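Each value in this text was obtained by applying a stated rule to the coordinates, not by laboratory testing. Bear in mind that the values here come from a model prediction, so they are computed numbers and not experimental data. When we count neighbours, we look across all protein chains shown, and the Cβ atoms used for this are built from the backbone with ideal geometry, even at glycine.
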Amino acid sequence: MTEAIKITDVKELEDGGANYTFEMGTKAAIWMAQMGLEVNMYCVSYGVEFQDVLDWIASHGEEEAGE
C-alpha cells in the first residue's frame, strides 16, 4: 500500500477519548478494510478478543518508545 492516510481532524471528548477524521484514497480505504478483516479473522480463529490484540500492540509500542 503506497497511498497516504492523513488525519485531517481530531476532536477530543469529555470522557478522554477522541474522534478522528481521515482522508485517504480508494486503494488505502480498501487496504484498511482488508487489514481490519484479517485481524478480526485471526481473533475469531484463535479465540482472542480484538481489544486484547490492540492492548498488546500498545504495550509493545510503549516498551519500544521507552527504550
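Under unit Cβ charges (Lys, Arg +1; Asp, Glu -1), what dipole magnitude, rounded to 20 debye, does region 5-66 have relative to its Cα centre?
Working: 3 positive and 12 negative charges, 95 e Å.
Dipole size: approximately 460 debye.
Placing dummy labels 7 Å off each Cα toward the beta-carbon, the span from Tyr46 to Asp15 is 2.8 nm.
If you run the Gaussian network model on the chain, springs between alpha carbon atoms under 10 Å, then out of Glu49, Glu12, Glu38 the most flexible one is Glu12. Where only DSSP H runs of four or more residues are counted, the chain gives -19500 deg cm²/dmol as its mean residue ellipticity at 222 nm, each run worth -39500 (n - 2.57).
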